[in-house]
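Colleague: Once you've had a glance at the structure underneath, I'll fire off some questions.
The values are calculated or read from the model by the stated rules, or taken from the named source; none is laboratory data. Every value quoted in this text rests on a predicted model; they were computed, and no experiment measured them. Don't worry about glycine lacking a Cβ; one is built from the backbone with ideal geometry, like all the others, and counts go over all protein chains shown. All accessible areas refer to the heavy atoms of the entire protein, side chains included, with ligands and DNA or RNA removed. Shrake-Rupley method; radii C 1.70, N 1.55, O 1.52, S 1.80 Å.
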Amino acid sequence: MTELLTIIVSAVFINNFVVVQFLGICPFLGVSKDFKSALGMGLAVTFVMAITCLITYPIYTYILVPLKIEYLEIIVFIFVIAAIVQMIEMALKKYSPTLYNAMGIYLPLITTNCAVLGVAELVIDQGQMIAMLGISQMNIGFAVLYGLFAGLGFTLSIVIMSGLREKCARLPIGKHLKGFPIAMICACFIAMAFYVFTLVA
């Protein structure tokens with residue numbers, strides 16, 4: 001139970017991929033203009049991260065390492081991520097055209113979202129994960145859990161950002177701060193808030 005709690009707190013708050021490790025900034029800034037799009041993107045990224053860890057961890061551990069072709073990991077991981085994103089894109093286009101249109105170009109860009117590739121790369125680094133999470137041994141269960149909660153951390157940060165941006169859009173802000181500048185200021189405040197968790201840890 002302690003290990004599970006450590007994974008949750010670490011993935012969501014302490015090592016948040018967006019506001020602590022600064023990965024996945026493109027969709028974070030691009031799709032956070034309204035709550036619905038932000039939540040949809042966050043859940044899509046969460047799903048992709050969890051499934052990516054479920055597939056890439058055993059591929060790396062049981063295929064690439066025994067064959068001594070670990071140097072192909074990034075290529076293999078990108079192929080896996082691209083296939084998962086393609087399936088999500090087809091499903092959203094069929095069952096939720098509104099969300100599909102709201103995400104626009106950012107949905108296929110999940111394929112090259114460095115946060116997704118970053119979590120796939122991180123969970124295969126046995127030494128770093130064991131040291132970071134304080135677990136006895138890394139396995140596929142911990143890898144998938146970390147991917148899932150890293151995605152939920154991404155969702156949390158992008159949803160908070162969307163709320164702040166919607167609030168800012170209704171406030172009388174100076175012309176020179178409207179749009180991207182105020183979004184960057186909001187992102188800085190979110191990053192500072194999440195930084196508190198690294199100090200406590």
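Colleague: Sum -39500 (n - 2.57) across every DSSP H segment of at least 4 residues in the chain, then divide by the residue count to get the 222 nm mean residue ellipticity, nearest 500. Numbers along the way, then the final one.
Modeller: Values: 9 runs with 138 residues, N = 201.
Helix contribution divided over all residues of the chain: -22500 deg cm²/dmol.
Colleague: Please give the FRET efficiency for Ile69 paired with Glu121, using the beta carbon to beta carbon distance and R0 = 25 Å, rounded to the nearest 0.05.
Modeller: Values: r = 16 Å, r/R0 = 0.64.
Computed FRET efficiency for Ile69 and Glu121 comes out at 0.95.
Colleague: Whole number in Å², please: accessible area per residue of the chain, 1.4 Å probe, ligands, DNA and RNA not counted.
Modeller: 51
Colleague: Another one. For Ile25, put the label point 7 Å out on the Cα→Cβ axis and report which residues of the range 168-189 keep their amide N under 18 Å from it.
Modeller: Once the point is set 7 Å along Cα→Cβ of Ile25, 179-189 turn out to lie under 18 Å by backbone N, inside the range 168-189.
Colleague: Here's another thing I want to ask about it. In whole percent, and with a 1.4 Å probe on the protein chains, what portion of the accessible area of the range 1-96 is carbon and sulfur?
Modeller: Carbon and sulfur: 75 percent of the exposed surface of the range 1-96.
Colleague: Can you give me the distance in nm between label points at Lys36 and Ser136, each placed 7 Å from the Cα along the Cα-to-Cβ direction?
Modeller: 4.9
Colleague: Using alpha-carbon positions, what is the distance between the centroids of the range 121-139 and the range 35-89, in Å?
Modeller: For the range 121-139 versus the range 35-89, the Cα centre distance is 18 Å.
Colleague: If you don't mind, there's one more thing I want to ask. Subtract the Cα-Cα distance of Cys168 and Phe189 from 0.36 nm times their separation in residues, and report this length gain in nm to one decimal.
Modeller: Working: separation 21, 0.36 × 21 = 7.56 nm, distance 1.34 nm.
The Cys168-Phe189 span can extend by a further 6.2 nm.
Colleague: So how do Thr56, Thr111 rank on accessible area, 1.4 Å probe, biggest first, that is with the largest at the start?
Modeller: Thr111, Thr56
Colleague: Taking each pair of distinct Cα atoms in the chain once, what is the resulting Kirkwood hydrodynamic radius in Å?
Modeller: Details: mean 1/r = 0.0571 Å⁻¹.
When all Cα pairs of the chain are included, the Kirkwood radius is 17.5 Å.
Colleague: Same structure, new question: Given points 7 Å out from each Cα along the Cα-Cβ axis, report the Lys178 to Asn101 separation in nanometres with one decimal.
Modeller: 2.5
Colleague: If you place +1 on the Cβ of every Lys and Arg and -1 on the Cβ of every Asp and Glu, how big does the dipole about the Cα centre of the chain come out, in debye to the nearest 20?
Modeller: The calculation lands at about 860 debye.
Colleague: Now a separate question. Within the chain, how many Lys pairs sit with Cα atoms under 22 Å apart, leaving out pairs fewer than 8 places apart on the same chain?
Modeller: 10
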